Amino acid sequence: MDERRVKKIVNKVFAKARKQSLNHTKNALCNHVEVECGVSGRTLDRLFLKYEKKEKIDYIPIENTVDELCRYLGYLSYADYLGKTKMGEGFRIGGKTWKMLIGTSLILIVVVLVYYQFFDQRCMTWTGNEYVKVACSSSQSYEVVPLDRFRLQRMKKLEVDAATPFFNEETEEPLIWYYKVDDNTLEYFTDAGKHPVNGETLKAITPYIIEKYVPKHIYKSGSFIK
């Protein structure tokens with residue numbers, strides 16, 4: 001992953017945060033972004049110090065973190081950010097050849113969009129445990145939404161116990177996010193972002209949450225001798 005692009009993304013994230021937050025201190029900005037996109041405050045603090053304060057910190061965010069930052073900026077993912085920013089750079093290059101290429105590309109994009117909009121609509125829906133692809137006109141128990149391949153592959157609901165890997169061993173970044181249903185019940189997911197049903201922002205797992213809520217074992221009927 002190109003660190004120059006990561007730096008630009010981080011700078012844009014905090015620039016947006018400054019427009020949305022009344023308090024422009026480091027902690028206030030990090031807290032604001034954490035609430036909006038689910039990236040942990042510890043990670044945002046490192047990113048702020050390295051790319052905003054330009055301190056020498058040996059730290060590069062993982063792919064999932066950069067994807068979440070791009071979503072905060074209005075993109076689907078880091079790949080979507082690259083595609084759209086590269087297209088913008090192309091418009092700044094002069095010459096008839098580039099203009100013709102750009103014009104042709106735009107026409108093809110419009111044709112493809114019209115085709116998928118009217119002839120080959122693609123959507124997905126939540127099953128209760130994961131997303132699956134469905135026809136956009138189909139009737140489902142949960143809301144039918146436009147297909148997001150990244151979310152389709154990454155977002156799963158799961159059961160956890162003390163043996164579940166909650167953090168990346170090398171970076172200590174969270175691998176699990178949660179939603180608090182009530183005082184005693186939590187739902188756990190394999191990706192950050194919004195809850196698939198109610199749209200609430202999922203929170204990154206913490207040692208405190210693990211200690212307080214995660215069971216030491218999960219009892220399954222099939223594991224007992226009959």
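Taking segment 1-17 only, how many residues are part of a helix (DSSP H, G or I) and exposed (fewer than 14 other Cβ atoms within 10 Å of the Cβ)?
Initially, segment 1-17 is screened for residues part of a helix (DSSP H, G or I), giving 3-17.
Add one more test, that the residue is exposed (fewer than 14 other Cβ atoms within 10 Å of the Cβ), and what stays is 3-4, 11, 15.
The number of residues fulfilling the criteria is 4.
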(message) Can you say whether residue 40 is out of contact with any helix residue (DSSP H, G or I) (no Cβ under 6 Å at 6 or more places or on another chain), surrounded by 14 or more Cβ atoms within 10 Å (Cβ to Cβ) and not basic (Lys, Arg), as far as the supplied structure shows?
(response) yes
(request) Kindly indicate the residue of segment 170-197 that is closer than 22 Å to residue 69 by Cα and of a type in the set (Asp, Glu) and also nearest to the chain's Cα centre (by Cα) among those meeting that condition. (result) 191
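If a residue has to be surrounded by 15 or more Cβ atoms within 10 Å (Cβ to Cβ), at pLDDT 90 or above and of a type outside the set (Phe, Trp, Tyr) to count, how many in segment 124-134 make the cut?
The number of residues fulfilling the criteria is 3.
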(message) Scan segment 135-152 and tell me whether some residue there is part of a loop (DSSP other than H, G, I, E, B), surrounded by 14 or more Cβ atoms within 10 Å (Cβ to Cβ) and of a type in the set (S, T, N, Q).
(response) yes
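Give segment 124-134 a look and list any residue that's assigned to a strand (DSSP E or B) and either assigned by TED's automatic domain parsing to the domain that holds residue 194 or closer than 16 Å to residue 191 by Cβ (or both), or say none.
124, 126, 130, 131, 132
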(message) Just the residues that are surrounded by 13 or more Cβ atoms within 10 Å (Cβ to Cβ) and either in contact with a Gly (Cβ under 6 Å, 6 or more places away or on another chain) or part of a loop (DSSP other than H, G, I, E, B) (or both), please, taken from segment 153-169.
(response) 155, 160, 164, 166
(message) List pairs: first residue in segment 7-25 and outside the structural domain of residue 41 (by TED's automatic domain parsing) and over 12 Å from residue 48 (Cα atoms), second residue hydrophobic (A, V, I, L, M, F, W, C) and surrounded by 14 or more Cβ atoms within 10 Å (Cβ to Cβ) anywhere in the structure, Cβ distance under 8 angstrom, at least six positions apart or on different chains.
(response) none
(request) From (1) modelled with pLDDT of 85 or more; (2) among the β-branched types (Val, Ile, Thr); (3) surrounded by fewer than 12 Cβ atoms within 10 Å (Cβ to Cβ), pick out the condition that doesn't hold for residue 112. (result) (1)
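The values are calculated or read from the model by the stated rules, or taken from the named source; none is laboratory data. Predicted, not measured: the structure shown is a model, and the values here were computed from it. Please note: Cβ atoms are built from the backbone with ideal geometry, for glycine as well, and neighbour counts cover all protein chains shown.
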